[in-house]
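Here the structure is laid out as structure tokens; the discussion comes afterwards.
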Amino acid sequence: MYHAIFTGSPSTNELPMNIASWLHSTARTRPDAPAIFSGERLHADYATFARRSAAIAAGLHARHGIAAGDRVVVFLKNCPEYLELLYGIWWLGAVAVPANAKLHPAEIAYIAEDSGARLLVSDTGKLRSESELPANCTEIALGSPSWDALHASGGPEKPAETDAHDTAWIFYTSGTTGRPKGVMLTHRNLMMMSLCYAIDVDQVSHTHTILYPAPMSHGGGLYNFPYVRAGASHCVPVSRGFDAGEIAALSRHFGETAYFAAPTMVRRQIDEAQRSGYHGEGIRTVVYGGGPMYGPDIDEALAVFGPRFVQIYGQGESPMTISVLPRDVVADTSHPNWRKRRDSVGVAQACIELRIVDSEGNDLPPGRSGEILVRGDTVMRGYWRNEEATAKTIVDGWLHTGDIGHLDEDGFLTLTDRSKDVIISGGTNIYPREVEDVLISHPGVAEAAVIGLPDPEWGEIVVAVVAARGDAILHEDELEALCRSRIASFKKPRRYVFLDELPKNAYGKILKRELRAQLEQK
Ligand code: AMP
């Protein structure tokens, strides 16, 4: 049993559970409890939420031939129907592929193709006319007659039986090499993530409300589970995104709110609070993470809002669940190590083991930096249809995070670097390789390197350093237009720097560290 739990061995079946059973159970214990709100307007109570999800399950099957294990891409901005659709997919035993609503149509078409999705639900219903969606992937638009038809008849009383090791959620993450990869998260992964939330992050009661100002396709949405289980309320802001004033108003209205916020959002919330004189009334918990938080910002957040902040560190491959910095530790300025602890990402979460290793895989003592390895039941099953990448990332049961850090004597983890080249801007990962591939495709570009430079608002901004081919004359607006035609807007370089040649090492590899240092100096 011990072995099975901590290796996540897919051969055991001692937890034959579908995560949608949490909705089924809550709908029976608290049918009239308010479940989903759009702003302050009630969208569904728990009985309605479960009934609609069950109906969607039936509609997916009857109208689109979706069966257990089939993939459905959810390409929507945050909306109340998001949760009904996710649970409808799971009610059927199918697999949700929630995709970032800001992606370029060509990027979504790739995800639809790679995941082999039979169906894609979008806001506009126009993706097929904007990109090459696979022929066998049907697109339906939220709110269209085809969407309504999904709910036309009743659905099965109970969610389908799935094995807890079946995939529930595929989370697409880019990498340093090649195209995005699908992280397979099982029902069990999501349950264990929720248990860690309940133990380490916050104890959820039915009187609480989770807000969704961050994308529901990512961490913000992953946090729905403990709230569904508790029969708490879910509120999607009317703006369908982050607006600091709206979050303050909703928190005042509901009381006891919780939400996930990237560091950029926390900064904006402080600025807004200082303008309006708001002090966090109604906010119970802000979970921050997803990218480095600037120390003075969290100090200011504590001064303005009080001890409502919990930090988490995770990654798609172990969603929201590697380490935690509890609210009292964040706020305990009397502790001799407080500042160091505040700048750390906390201690391993309850169901997680951590190791720091050198490049040969040897364990390193406290104080020495190396790659962070993670083991536990939240670690993904693997990358979708990519055994090679899975084998490189999960070695002997340990997830290689690509993050570099060290532990202190008390087990606090401090991140110092990333071995993967990723840029984190506003809490969103941008993989330079994706942007470089686009720039290099321009006939006048000989070399391109994309790096992140520090920025007070975004954490980092994307900067492209480009060298021209021969006598070619490069224009920034041409490169900008090229990027616009191929990748999501948030990945586009904010600045271009033109050099005759990029600095390289003896093997011809571009020295990004050197480039970064040069540009930071300027
Ligand atoms: P994603 O897979 O998109 O969730 O991105 C995960 C990456 O974001 C991690 O591997 C880290 O590099 C970074 N990250 C996540 N949480 C934190 C945090 N609290 N502080 C600093 N970086 C973080």
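All of the numbers you see were taken from the coordinates with simple rules; none came from a lab. Everything numeric in this text was worked out from a predicted model, so none of it was measured. So basically every Cβ, Gly included, is an ideal-geometry build from the backbone, and we count neighbours across all protein chains shown.
Here is how the numbers come out for the structure above:
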{"read-out": "Options Ala464, His406, Ile423, ranked by Cα towards positive dipole end of the stretch 406-465, top entry (Cβ charges)", "value": "Ala464"}
{"read-out": "Cα gyration tensor, the stretch 142-191 - rounded (a/c under 1.5), prolate or oblate", "value": "oblate"}
{"read-out": "Rounded to 5, the percent of DSSP beta bridges in the stretch 405-522 classed as antiparallel", "value": "75 percent"}
{"read-out": "Under the span-like rule (Cα at least 27 Å along the axis, Kyte-Doolittle mean at least 1.6), DSSP H helices of the chain", "value": "none"}
{"read-out": "With 20 Å bins from 0: P(r) over the chain, alpha-carbon pairs, percent", "value": "22, 57, 21, 0"}
{"read-out": "Stokes-Einstein D for the stretch 33-127, Kirkwood Rh over Cα pairs, 20 °C, 1.002 mPa s (µm²/s)", "value": "155 µm²/s"}
{"read-out": "Rh by Kirkwood over Cα pairs, then Stokes-Einstein D for the stretch 422-522 at 1.002 mPa s and 20 °C, µm²/s", "value": "155 µm²/s"}
{"read-out": "Where GluC sites (Glu not before Pro) fall in DSSP loop in the stretch 94-199, at most 15 other Cβ within 10 Å", "value": "Glu132, Glu157, Glu161"}
{"read-out": "DSSP-loop trypsin sites (Lys or Arg not before Pro) across the stretch 446-517, with at most 11 other Cβ within 10 angstrom", "value": "Lys509"}
{"read-out": "Relative contact order [Cα under 8 Å, 6+ residues apart], the chain, whole percent", "value": "12 percent"}
{"read-out": "Value of relative contact order over the stretch 287-354, rounded to a whole percent, pairs C-alpha under 8 Å and six or more apart", "value": "29 percent"}
{"read-out": "Rg/Rh (Cα only; Kirkwood hydrodynamic radius) as it applies to the stretch 385-442", "value": "1.09"}
{"read-out": "Dipole axis of the stretch 34-115 (+1 Lys, Arg; -1 Asp, Glu on Cβ), positive-most option in Ser115, Ala101, Ala44", "value": "Ala44"}
{"read-out": "For the stretch 349-428 versus the stretch 48-95, the gap between their alpha-carbon centres in whole angstrom", "value": "33 Å"}
{"read-out": "Between the stretch 189-241 and the stretch 278-302, the alpha-carbon center distance in angstrom", "value": "17 Å"}
{"read-out": "All lysines inside 27 Å of Lys340 as judged from Cα atoms, apart from same-chain residues fewer than 8 positions distant", "value": "Lys420"}
{"read-out": "Separation of the Ser485 and Arg469 label points, Cα + 7 Å toward Cβ, nm", "value": "1.5 nm"}
{"read-out": "Listed residue pairs exceeding 29 Å between alpha carbons, taken from Lys181/Lys491; Lys77/Lys512; Lys392/Lys512; Lys126/Lys392", "value": "Lys77/Lys512; Lys126/Lys392"}
{"read-out": "Cβ-placed point charges (K, R +1; D, E -1), dipole of the stretch 422-521 about Cα centre in debye, nearest 20", "value": "320 debye"}
{"read-out": "Size of charge dipole - the stretch 199-328 - debye, nearest 20, with Cβ of Lys, Arg +1 and Asp, Glu -1, no other charges", "value": "260 debye"}
{"read-out": "Estimated 222 nm signal from helices in the chain, with DSSP H stretches of n ≥ 4 weighted -39500 (n - 2.57), rounded to 500", "value": "-9000 deg cm²/dmol"}
{"read-out": "Dipole magnitude of the chain about its Cα centre (Cβ charges: Lys, Arg +1; Asp, Glu -1), debye to nearest 20", "value": "680 debye"}
